[in-house]
Amino acid sequence: MDNLESKEVESTSKVMENKENEREFDRTTGVATEEEEEVVASSHKKKNVEEEEDDKAVVGREKKDEECAREKETAKQQKCLDKNTCSCPQLEAEAIKDNRQLLEFRVRSRDIDWRHYVQPLDTKIRSGAVYLERQVDFVGSHRRPVTEDNRRELLVCHDMMGNYLEDRHFHSSEKYDDYRFVHWSAVDYFCYFSHQYVTIPPCGWLNAAHRHGVPVVGTFIVEAPGLLNEVLATEETVSRTVEALTRLCEHFGFEGWLVNVEVTVPQRNMPNLYRFVRELTAATEARVPHGRVFWYDSVLESGELLWQNELNSRNVEFFRRSHGTLINYAWNEGHLERSAEQAKREQSPRHRVFMGLDVFGRSRKGGFQSLETMEHIANNGFSAGIFAPGWSFETLSRFGYNIKNPRGDEQVNSAFLARNEAWWARIWPTLATHPYSSLPFFTDFCVGSGRASYERGFRIAGEDMPFLNLSRQSLQPSVPLDKNAVHHFDEAFSGGCSLLVTNYERAFRLFVTDFELTRGVLLLGYAYKINGDDVATNFDLLVRVTALNRNDAELYLFCGEYSGSIVAPQRCYLSPTPTDGVLPRVHAKLPQDTRLLASGWQVRYYLVKFDGPVRVQDIGVKCQRPAESKTEAQLGAVFVEALPLEALTDTRTDIPVYGRNMWDEQRA
């Protein structure tokens, strides 16, 4: 892998070798320095029998001091358990820079129980991926299931300006315009990457990814031979390193590693390098839930550092010992053909081979021409590994934007979000999309940042400062918003932003879903706001429902405001439950009582009873206004729940979709 920051890496290596900095690190982490250890050892040697009585007194005082220190530490840790108040540096993400630090577990947060701060991987939030016929068009958009024969996966490698920037903080930074990732529904694995020896993903990234069902891997990268020589010295050092890396996964709550060896390996060390990859893969599988280890295309069987840009006989041993290989991004058509042939010889599916795309355009087309590169990968049946999607943020500086303002900038924020949506929208046809499948479902669209924090449309007192905290990111739309809507930061219903509709001409998709309503009871709620002429503007949340076991029979629900509900074949137009109507359940963040809402915001609820089991497969928006109107519509939150039959009330709408055969079966 080419190193865009070679000077920084060279400087970092020098710092790592600097003993003074190492001593300072030891003091910061509370670990005794070598000199301090020597002083302690020397002082013990000088003790003699005559001083035993004095020593006993000293020991007594030391015990009291230790007890006092333990009490203070306990109080401090108890405070750390309150993630809303703790601001100690123990919660700040850091990389590991050498083997001593790795093997001795010298990390600031070694005494922190990260289960209080990191959400476990949610394996139920989404179902098996599908290929969409059209990603945003709501009507007439089919899906193809992903099977073992057509499976292609996506590994996103987040490598931006060295990383560990504002995202390293557990608590909020004020840089609300910083890079944020929101297109999780297409991602199978997320790698947090830096050019430091062992990269541990910050908890904000872990929480955002895990909430969306995406496993996260850190990076084990070697760019100086000394570190790797220490690891590969003996079988014991290999095993100790594997144990240390696995412990990091267990402690911090992430799922594995991308192993990137960027140095020539002496031939005598190659057996132990193979052992290292094999043992790391086995340990990660055995001890880390949903663990994965990926190898980066770099070193050959001879130990020579020579990127192959393909899977072949010279690097296949690493492929055999890991879950997949990330291929360097300088490949061509010949590389694709030979990789396919090698995968066939291995009797392995091609989706274990991740062909690289560097968004900065090194070696192949990137930037807004990335679709061509992604199509080559997809058409040949390979998975993709996307390097540096932060390109959409990082390159804003070329156009005069100040991306380093510590308090954020709204022009940077808007430009980044628009650019990022446009880039992902272009390549989405080559990707598979994971539908949301777990109920109850709720989102307020917060991307993990905002200019202030909101609740029920009100600014929260004391939280009116800008924030960047990816742990606060809510479930995001399943497809790129592109030109249909934008994340809107001027005001929000909940969290830090809302969705501002920009497409007032046709219905568009927000969520690809796989919600099973086995009892046929649907509860739907949403918050919206009309800024302008609310009489002439019609706002509908659009729901596509299918038979539980058939995809060729569908029914559309237009959940808006009508003169009574209109239940008809193929399309039903529903009016909301009256505000004084009794509902079996409401979401705490979506109160039915309008008196609890900020001015302009409205909440609608719909309770629907079908006469049989159904599946909700899509949720979108249809908003219309007069052609000359400047009225704007915002969507603040969406809530979906399946209810038991005994929870039904008289406020429901009955839809006899089976009894009256109301399905649209034209495409059956």
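The values are calculated or read from the model by the stated rules, or taken from the named source; none is laboratory data. These numbers were taken from a predicted model, which means no experiment stands behind them. Cβ placement follows ideal geometry from the backbone for every residue including glycine, while neighbour counts extend to all protein chains displayed. Protein only, heavy atoms only, side chains kept; ligands, DNA and RNA dropped before computing areas. Shrake-Rupley method; radii C 1.70, N 1.55, O 1.52, S 1.80 Å.
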Starting at 0 and stepping by 10 Å, how many percent of the alpha carbon pairs of region 310-431 end up in each bin?
13, 38, 26, 15, 7, 1
As I understand it, the dipole of region 209-349 uses +1 on the Cβ of Lys and Arg and -1 on the Cβ of Asp and Glu, about the Cα centre. Which of Thr284, Leu326, Pro266 lies farthest toward its positive end?
Thr284
Please work out how much length the chain gains when fully extended from Arg459 to Glu92, using 0.36 nm per residue of separation minus the C-alpha to C-alpha distance, in nm with one decimal.
129.4 nm
Sorted by chain and then number, the residues having a modelled amide H within less than 5 Å of the amide H of Ile566, at least 5 places away or on another chain, are Tyr573, Leu574, Ser575
q = 0.13, 0.14, 0.17, 0.25 Å⁻¹, region 95-137: log10 I(q)/I(0) [Debye, one scatterer per Cα]:
-0.61, -0.64, -0.71, -0.96
Using only the alpha carbons of region 211-273, what is the convex hull's orientation-averaged projected area in square nanometres?
4.8
Farthest towards the positive end of the dipole of the chain, among Gly457, Leu590, Val608 and with Cβ unit charges of +1 on Lys and Arg and -1 on Asp and Glu, lies the Cα of Val608
For region 526-600, the charge dipole (Cβ of Lys, Arg +1; Cβ of Asp, Glu -1; about the Cα centre) points to a positive end, and the Cα of Ser599, Ala547, Ser565 closest to that extreme belongs to Ala547
Have a look at the DSSP beta bridges in the chain and tell me what percent are antiparallel, nearest 5.
65
For the chain, take the longest principal axis of its alpha carbons; what is the angle in degrees between that and the long axis of helix 34-45, to the nearest 10 within 0 to 90?
50
Carbon/sulfur fraction of accessible area - region 142-209, other protein chains in place, 1.4 Å, %
45
Using only the alpha-carbon atoms of region 96-165 as identical scatterers, what base-10 log of I(q)/I(0) does the Debye formula give at q = 0.15, 0.16, 0.29 Å⁻¹?
-0.88, -0.93, -1.22
Using a 1.4 Å probe on the protein heavy atoms, what percent of the accessible area of region 544-668 belongs to carbon and sulfur?
47
Using alpha carbons only: equivalent-ellipsoid semi-axes of the chain, gyration tensor based, whole Å:
48, 32, 23
What number in nm² do you get for region 148-219 if you take the convex hull of its Cα atoms and divide its surface by four?
5.5
Along the chain, longest interval not containing exposed GluC sites (Glu not before Pro), exposed being DSSP loop plus at most 10 other Cβ atoms within 10 Å
149-627
In square nanometres, what is the average projected area of the Cα convex hull of region 602-661?
6.5
Taking region 545-668 as the region of interest, what is the percent of Cα-Cα pairs per 5 angstrom bin, listed from the shortest bin to the one with the maximum distance?
2, 9, 18, 21, 20, 15, 9, 5, 2, 0
Gain on full stretching of the segment that runs from Tyr274 to Arg115 - 0.36 nm per residue minus C-alpha separation:
54.0 nm
Evaluate the charge dipole of the chain about its Cα centre and quote only its size in Debye, nearest 20, assuming +1 on the Cβ of each Lys and Arg and -1 on the Cβ of each Asp and Glu.
1900
Calculated from DSSP helices alone, with each H run of at least 4 adding -39500 (n - 2.57) and the total divided by the residues of the chain, [θ]222 nm to the nearest 500 comes to -8000 deg cm²/dmol
Using every pair of alpha-carbon atoms in region 417-569, split the distances into 10 Å bins beginning at 0 and state the percent of pairs per bin, rounded to integers.
9, 33, 37, 19, 3, 0
